[in-house]
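Engineer: Following this message is one structure expressed as structure tokens.
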Amino acid sequence: MFQLFLKEICDKYGLAIACTHKSFDEYVNKTDEMIDFHKKLGCDIAGLGAMPEEYRNIEKIPEFIQKMNVAAENMAENGITFAYHNHHFEFEKMANGQLVMDYMIENGKFDFIVDVYWLAVAGINPAKYIRKMGKKAVVIHYKDLAIIGHDVVMAEVMEGNLDWDDIIAASEEAGSRWAMVEQDVCRRDPFESMKISYDNLLGKGFC
């Protein structure tokens with residue numbers, strides 16, 4: 001089985017499998033299989049990377065949340081936390097002025113994988129929003145936002161414009177279980193980018 005093979009490799013090198021990303025269809029229609037998958041990995045946070053395209057409009061959000069809640073409750077009964085990863089489109093305003101993301105937090109029975117870059121792209125202060133989410137911010141994706149010419153680009157942690165002292169403090173205050181460096185697009189070799197973020201976080205007391 002793939003997950004057993006993967007766990008053996010991670011165990012060999014002392015790596016914890018902290019969180020996954022699987023598809024919405026698998027979580028909703030194959031919940032028992034997903035529970036078994038995560039148990040075999042030894043991973044207790046099941047992540048959804050983004051809502052499917054068909055749910056990305058205001059009218060469909062309640063249906064999306066309802067389906068997520070059913071999966072989240074089933075997983076919670078088996079010791080697994082279901083968590084949703086945000087981008088920027090979840091910060092569209094609804095008719096009543098409420099942000100879609102706030103509506104999801106208020107009505108969802110799941111937690112969140114908070115991406116600080118996408119918060120900033122959406123015009124949201126990352127540290128302030130992490131504090132607002134509190135214990136629902138179980139994982140924080142760390143990547144920086146930089147301006148190159150006229151473009152907004154992803155950057156290595158502490159190589160852009162985000163306030164990392166405040167983000168790190170907010171992550172600690174919220175009791176987030178994991179901070180994960182993630183950089184979808186690199187302007188250099190990805191392993192060099194990873195080392196830059198790693199070294200910068202070491203300087204902030206990470207280990």
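Engineer: Looking at the range 70-93, which of the residues that are assigned to a loop (DSSP other than H, G, I, E, B), touching a residue at least 12 places away in the same chain (Cβ under 8 Å) and open to solvent by 30 Å² or more (accessible area, probe 1.4 Å) is farthest from Ile140 (Cα to Cα)? First the steps, then the outcome.
Structural biologist: First, the residues of the range 70-93 that are assigned to a loop (DSSP other than H, G, I, E, B): 77-80, 86-88, 92.
Next cut, touching a residue at least 12 places away in the same chain (Cβ under 8 Å) only: 78-80, 86-88, 92.
Checking the rest, the ones that are also open to solvent by 30 Å² or more (accessible area, probe 1.4 Å) come to 78-79, 87-88, 92.
Values: Asn78: 23, Gly79: 20, His87: 12, His88: 15, Glu92: 21 Å.
By that ranking, first place goes to Asn78.
Engineer: Something else now. Which count do you get for residues in the range 27-41 that are surrounded by 14 or more Cβ atoms within 10 Å (Cβ to Cβ) and more than 14 Å from Ala72 (Cβ to Cβ)?
Structural biologist: 6
Engineer: Limited to the range 103-123, what total is found for residues that are touching a Phe, Trp or Tyr at 6+ places or on another chain (Cβ under 6 Å) and part of a loop (DSSP other than H, G, I, E, B)?
Structural biologist: The number of residues fulfilling the criteria is 2.
Engineer: I'm checking my understanding of the structure. Among residues of the range 183-197 that are in a loop (DSSP other than H, G, I, E, B) and open to solvent by less than 50 Å² (accessible area, probe 1.4 Å), which one is nearest to Cys19 (Cα to Cα)?
Structural biologist: Going through the qualifying residues, I end up with Gln183.
Engineer: Right, Val139: in contact (Cβ under 8 Å) with a residue 40 or more places away in the chain, open to solvent by less than 10 Å² (accessible area, probe 1.4 Å) and in contact with a strand residue (DSSP E or B) (Cβ under 6 Å, 6 or more places away or on another chain) or not? Please lay out each step first, then the result.
Structural biologist: Details: in contact (Cβ under 8 Å) with a residue 40 or more places away in the chain: yes; open to solvent by less than 10 Å² (accessible area, probe 1.4 Å): yes; in contact with a strand residue (DSSP E or B) (Cβ under 6 Å, 6 or more places away or on another chain): yes.
Yes, satisfied.
Engineer: Taking Glu159 as the residue in question, decide whether it is farther than 18 Å from Cys19 by Cβ, surrounded by 14 or more Cβ atoms within 10 Å (Cβ to Cβ), touching a residue at least 40 places away in the same chain (Cβ under 8 Å) and among the acidic types (Asp, Glu).
Structural biologist: Here the answer is yes, as Glu159 does meet what is asked.
Engineer: For Ile65, are the conditions met, namely being part of a helix (DSSP H, G or I) and either hydrophobic (A, V, I, L, M, F, W, C) or on the phi > 0 side of the Ramachandran plot (or both)?
Structural biologist: It is true that Ile65 is part of a helix (DSSP H, G or I) and either hydrophobic (A, V, I, L, M, F, W, C) or on the phi > 0 side of the Ramachandran plot (or both).
The values are calculated or read from the model by the stated rules, or taken from the named source; none is laboratory data. No experiment lies behind these values; they were computed from the predicted model shown. Every residue, glycine among them, receives a Cβ derived from its backbone with ideal geometry; neighbour counts consider all protein chains shown. What goes into the accessible areas is simple: the full protein's heavy atoms, side chains included, and nothing from ligands, DNA or RNA. Shrake-Rupley method; radii C 1.70, N 1.55, O 1.52, S 1.80 Å.
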